[in-house]
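Beneath this line is the structure, given in structure tokens, with notes to follow.
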Amino acid sequence: MSSKLYEVFIRSKAGLNHRHVGSLHASDEKMALMNARDVYTRRQEGVSIWVVEAKYITASNPAQEHQWFDPAEDKVYRHPTFYPLNKEVENM
Amino acid sequence: MYSQGLTDAKGSEEPQELLDAFQKKIDAEIKIEPRDWMPEAYRKTLIRQMSQHAHSEIVGQLPEGNWITRAPTLKRKMILLAKVQDEAGHGLYIYSATETLGVSREQLTTELLTGQAKYSSIFNYPTTSWADIGAIGWLVDGAAIMNQVPLCRASYGPYARSMVRICKEESFHQRQGYEIMTVLARGSEAQKIMAQKALNRFWWPSLMMFGPSDKDSKHSEQSMKWKIKRFSNDDLRQKFIDATVPQAEHLGLTIPDPELKWNDDKQGYDHGEINWDEFMNVIKGHGPCNHQRMQARIKAHEEGAWVRDAVEVYQANQQKIKEEAA
């Protein structure tokens, strides 16, 4: 069977993001959705499902993790805690 | 449910600095994800352990499926159907996680159907009475939980994540099994005997689910180092016994081990010697139901061929319709 690999994303309730939960095989999108319903939401885990054929996902390269993400490390001034608050000003 | 033993994977020539960096990550409890570099031996060990685990879930449907049509009430039938459906789901979660290691679903299925891959020895025992369904939930799923809870922290991300889902569902399995046993143990004399006999049949095979004794377990050390395994076989077995004996006492049932005795010094139970010859025999394919289980899997696969073919034709037709419309 020419099955394709789909990645499954589920929104657990309105107001939250869809979140990756796993993958499955299906011949088309419709079957992928139905399978995802049966495999990943048997206990009311979701109110909405996305399925995406795995080959359409572009991912960053784990070997470049440090090059990509380390530069953010020394930019502490991007966080509010970098700035001391005058005692007189209680909340900001 | 769970798989015994681990692969014996040979390490090939791999740069020492990559190996060191990998071990450092593991030691720091940083999870390994699918596209991260990993030693070939780690990959192979995981593929073997995870596929055995997935196969166990799938084959594990058979002994219980045996009682779906004969469940004593509609309620029991619905519960059992839900449980067996869960086992199929567990198989799928783990197959999906295994595929992230670069092995195809077809290959995994073929390995099971040709007998190259193993599954847990426990599923080669028959379910001869309704009480066995209770004993399986209580003991077999109970033993599986003991094994699987530490696997939720396994170093390989997709495996650990699938275990988190599975453990949540497994807890329902164990409780429903214990409830079946409770009803029988508090029932008529005949029902009590039925419950006791089921415990007698499944006690020792459940202890064997934890795999060989530590002194004979050849793969443990490396798996501990890789954090695929967190506790030794004997430690987990001990935990299971200590947790289960009071549950049996509560039911008024007797564990079929005359040597079972509380040991105050180790704050745990001492138990009799496990029949390792029987264990090895079942692993090698000579258990009471090995042949039957494999035949059932092969039959299901072959008889499902038309479904796979139909899907393929449907897909091709849909494609044609789309092209013609364009």
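The values are calculated or read from the model by the stated rules, or taken from the named source; none is laboratory data. Note that the coordinates shown come from a computational prediction; the quantities given were computed from them, not determined experimentally. Positions of Cβ are backbone-derived with ideal geometry, glycine not excepted, and every protein chain shown enters the neighbour counts. Calculation scope for accessible area: heavy atoms of the full protein, side chains included, ligands and nucleic acids excluded. Shrake-Rupley method; radii C 1.70, N 1.55, O 1.52, S 1.80 Å.
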The residue that is nearest to the other protein chains (Cβ to nearest Cβ), considering only those in the range B:278-313 that are closer than 23 Å to B:Thr127 by Cβ and among the charged types (D, E, K, R), is B:Glu303
Here the residues within the range B:270-312 that are loosely packed, with under 11 Cβ neighbours inside 10 Å and in a helix (DSSP H, G or I) are B:Asp277, B:Lys299, B:Glu302, B:Glu303, B:Ala305, B:Trp306, B:Val307
Selection over the range B:171-189 where residues are assigned to a helix (DSSP H, G or I) and open to solvent by less than 70 Å² (accessible area, probe 1.4 Å) yields a count of 12
- Item | Test: residue in the range B:226-248 that is exposed (fewer than 14 other Cβ atoms within 10 Å of the Cβ) and under 22 Å from the mean Cα position of the chain (by Cα) | yes
Matching residues in the range B:1-25 (open to solvent by 70 Å² or more (accessible area, probe 1.4 Å) and at pLDDT 90 or above) number 4
Among (1) over 18 Å from B:Gln222 (Cα atoms); (2) within 14 Å of chain A (Cβ to nearest Cβ); (3) open to solvent by 10 Å² or more (accessible area, probe 1.4 Å); (4) not polar (S, T, N, Q), B:Glu57 falls short only on (3)
- Kindly establish whether B:Lys168 is charged (D, E, K, R) and either assigned to a loop (DSSP other than H, G, I, E, B) or in contact with a strand residue (DSSP E or B) (Cβ under 8 Å, 6 or more places away or on another chain) (or both). no
Going residue by residue through the range A:61-79, is there one that turns out to be outside any helix (DSSP H, G or I) and within 14 Å of chain B (Cβ to nearest Cβ)? yes
Subset of the range B:69-94, residues more than 22 Å from B:Leu184 (Cβ to Cβ) and open to solvent by 20 Å² or more (accessible area, probe 1.4 Å), comes to B:Gln85, B:Ala88, B:Leu92
Note: among A:Ala32, A:Ala14, just one is open to solvent by 50 Å² or more (accessible area, probe 1.4 Å) and either among the β-branched types (Val, Ile, Thr) or touching a residue at least 12 places away in the same chain (Cβ under 8 Å) (or both), namely A:Ala14
